[in-house]
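Any read-out appearing in this document is the output of simple, stated calculations on the displayed coordinates, not a laboratory observation. Everything numeric here is computed off the predicted structure, so don't read it as measured data. Because the Cβ atoms are built from the backbone with ideal geometry, glycine has one as well, and the counts that use them run over all protein chains shown.
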Amino acid sequence: MFILDMDPGAVSTMSDRMKEQLLMKSNGSDAGVPLKQPFVIGVAGGTASGKTTVCKMIISQLHDQRVVLIHQDSFYHTLSEDKLQKVSKYNFDHPDAFNTELLLSCMHKLKRGEEVNIPNYDFKTHRSTESSRKVNPSDVIILEGILVLHDHRVRDLMNMKIFVDTDSDVRLARRIQRDTLERGRNIQNVLDQYARFVKPSFEEFILPSKKFADIIIPRGGDNDVAIDLIVQHICTKFGQHDLCKIYPNVFVIFSTFQIRGMHTLIRDHKTTKHDFVFYSDRLIRLVVEHGLGHLPFTEKQVITPTGSVYTGVVFYKRLCGVSVIRSGESMENALRACCKGIKIGKILIHGEGNNGRQLIYKKLPADISSRHVLLLDPVLASGNSAVKAISLLLSKGVPESNIIFLNLIAAPEGIHVVCKKFPKLKLVTSEIDASLNEHLHVIPGMGEFADRYFGTDSDTV
């Protein structure tokens, strides 16, 4: 069994976008493309809970990716001579025992694509050795340690947070075996240290950090099911990351297990129409908000009711929506909820065979050429309809860079077609699926979206 702790809320996309643009500006980038970063996993848990075993199992299954494992233990402070004389009274399980500033510095460099030197800590002498371990940038960074979820600055670096939950008696037995065999300590010293420092610190610092975990793994490395699901999720994200590296105009919203759970519900053929609509609307709202975060912004200072100055931004007002009938109409309510009074145009495209598309109907704002356009279609499959719709917008004078294409799921084939032909538009989706089948349906997909959403499918429950 494994436990998923649902992320309680979505992150503000506008503030994230501001940070991206400010970072690009400071780096002298004119491309408007955020830097691609590795997937960072934090693995916490009590002493001898099986954290390293879990990490090694994940690494063994990610054999097609570059993975680096970093131990928080490497960042222990070197003990002074005075502290060495009283080492039995030193608490190695307290947050102050670690050089967290150095840890943060190394992690930030790795996320920027720079190599780092990780200290080598000798547990027998309680000192960092003169030699260090050179670590190169990787696709996956796994940070393991008892307190990696304690400091919010470290947590904020992570894409996935794991807590390994193992019975205290099992952990104590493992610690006795490890410290006596590997670190040359006697059993009595191990027990004294456990009672005096390890157990109290676990209850004060380590156990409370469990609430920040996205995933809780009971029994550690013995839980094969949890490890397999974690690796599956990481591999799914990597498929998305690869396409994002090829096409810098593709943006996949950050996936939490709450978002993953909503996708599970809308993809399940047994889900009722009511639930399908409810969870689709939630996902659509997140996609729309993320898309709005890619609009231009200007800073503005306001005076708060406390008389203080707050520096914020002004929403961009020259925009409109265009929905591809009829599934795209399911996204209109979310757009209206986010943008009061927004104009929304409509396009109807009819399929001709497997590849042809015919424009049947269009109704667009007269001044659309002067607006940023949010193109709405929940599923990007072959990309043929999207190309037809985007081409129409361009023929009406809309600059390609002013188009933001929003959808819930996208097939790689559709992304290739759209992004190769229109490299200046932005494509925002909540998940990239595996492929298309011979009928040009997205796999695994979620079926005919419009029929399920509007209740016109004869199989709808």
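Just the number, please: percent antiparallel of the DSSP beta bridges in the stretch 248-454, rounded to the nearest 5.
In the stretch 248-454, DSSP labels about 35 percent of beta bridges as antiparallel.
Would you calculate the separation in nanometres between label points at E115 and V309, each defined as 7 Å from the Cα along the Cα-to-beta-carbon direction?
Computed distance between label sites E115 and V309 equals 4.6 nm.
Cα axis of helix 13-26 to longest principal axis of the chain: angle in degrees, 0 to 90, nearest 10?
It is inclined by approximately 80 degrees.
Where the only charges are on Cβ atoms (+1 Lys, Arg; -1 Asp, Glu), what is the dipole of the stretch 248-454 about its Cα centre, to the nearest 20 debye?
680
Can you work out the FRET efficiency for the pair S168 and I443, with r the C-beta to C-beta distance and R0 = 56 Å, to the nearest 0.05?
The computed FRET efficiency comes out at 0.80.
Could you give the nm distance between label points at R178 and K300, where each point is 7 Å from its Cα heading toward the beta carbon?
With each label point 7 Å from Cα toward Cβ, the separation is 5.4 nm.
What do you get for the angle between helix 273-292 and the principal long axis of the chain? Use alpha-carbon atoms, 0 to 90 degrees, nearest ten.
With both axes taken from Cα atoms, the answer is about 80 degrees.
Could you tell me which of rounded, prolate or oblate describes the stretch 248-454, using a ≥ b ≥ c as the square roots of the eigenvalues of the alpha-carbon gyration tensor, with rounded for a/c under 1.5 and, failing that, prolate when a/b is larger than b/c and oblate otherwise?
Here the stretch 248-454 falls in the oblate category.
On a 0 to 90 degree scale, rounded to 10, what angle separates helix 384-395 from the longest Cα axis of the chain?
Once rounded, one gets 70 degrees.
So the label point goes 7 Å from the Cα of K343 along Cα→C-beta, right? Which residues of the stretch 379-399 then have their backbone N under 19 Å from it?
Flagged as within label range: 390-399.
As a check on your grasp of the helix formula, calculate [θ] at 222 nm for the chain: sum -39500 (n - 2.57) over DSSP H runs of n ≥ 4, divide by the residue count, round to the nearest 500.
Using -39500 (n - 2.57) per qualifying helix, the result is -10500 deg cm²/dmol.
If you take every DSSP beta bridge fully contained in the stretch 35-230, what fraction is antiparallel? Give it as a percent rounded to 5. Walk me through the numbers on the way to the answer.
Values: 7 of 26 bridges.
Roughly 25 percent of the DSSP beta bridges within the stretch 35-230 come out antiparallel.
Taking the Cα centre of the stretch 35-230 as the origin and placing charges on Cβ (Lys, Arg +1; Asp, Glu -1), which of P208, T47, F75 is farthest toward the positive end of the dipole?
F75
Just one of (1) 1.04; (2) 0.94; (3) 0.98 is Rg/Rh (Cα atoms, Kirkwood Rh) calculated from these coordinates, so which is it?
Of the listed options (1) 1.04; (2) 0.94; (3) 0.98, (1) comes from this structure.
With +1 on each Lys and Arg Cβ and -1 on each Asp and Glu Cβ, how big is the dipole of the stretch 110-246 about its Cα centre, in debye rounded to the nearest 20?
So the magnitude is around 320 debye.
Let a ≥ b ≥ c be the square roots of the eigenvalues of the Cα gyration tensor of the stretch 46-117; is it rounded (a/c under 1.5), or, if not, prolate (a/b larger than b/c) or oblate? Display every interim value, and only then the final one.
On the way: a/c = 3.39, a/b = 1.60, b/c = 2.12.
Oblate, because a/c is 1.5 or more while a/b does not exceed b/c.
Farthest toward the dipole's positive end in the stretch 35-230, which of N136, L191, P119, given Cβ charges of +1 (Lys, Arg) and -1 (Asp, Glu) about the Cα centre?
P119
Between H108 and K363, what FRET efficiency comes out of the Förster formula 1/(1 + (r/R0)^6) with R0 = 35 Å and r the beta carbon distance, rounded to 0.05?
0.10
What FRET efficiency comes out for H416 versus S131 if R0 is 51 angstrom and r is the Cβ-Cβ distance? Round to the nearest 0.05. Write out the running numbers ahead of the final one.
Working: r = 47 Å, r/R0 = 0.91.
Efficiency, from the Cβ-Cβ distance: 0.65.
Give the shape of the stretch 35-230 as rounded, prolate or oblate, defined through the alpha-carbon gyration tensor: a ≥ b ≥ c are the square roots of its eigenvalues, a/c under 1.5 means rounded, and otherwise the shape is prolate if a/b is larger than b/c and oblate if not. Don't skip to the end; give the middle numbers.
On the way: a/c = 1.75, a/b = 1.25, b/c = 1.40.
Judged from the Cα gyration tensor, the stretch 35-230 comes out oblate (a/c at least 1.5, b/c at or above a/b).
So which trypsin sites (Lys or Arg not before Pro) in the stretch 313-414 end up in coil per DSSP with only 13 or fewer other C-beta atoms within 10 Å? Could the numbers behind the result be given before it?
Details: sites: K317, R318, R326, R336, K340, K343, K346, R357, K362, K363, R371, K388, K396; in loops: K317, R318, R326, K340, R371, K396.
Taking the stretch 313-414 and a limit of 13 other Cβ atoms within 10 Å, the loop trypsin sites (Lys or Arg not before Pro) found are K317, R318, K340.
Could you check what % of the DSSP bridge pairs in the stretch 355-461 are antiparallel, to the nearest 5? Mind dumping the intermediate values first?
On the way: 2 of 14 bridges.
That works out to approximately 15 percent antiparallel.
Assigning unit charges at the beta carbon (Lys, Arg +1; Asp, Glu -1) and nothing else, what dipole magnitude in debye, to the nearest 20, does the stretch 44-187 show about its Cα centre?
Taking the Cα centre of the stretch 44-187 as origin, the dipole is about 160 debye.
Give me the net charge of I284's neighbourhood, meaning all other residues with Cβ under 13 Å from the Cβ of I284; Lys, Arg count +1, Asp, Glu -1.
Working: positive: R282, R285, R336; negative: D281, E289, E329, E332, D377, E431.
Neighbourhood net charge equals -3.
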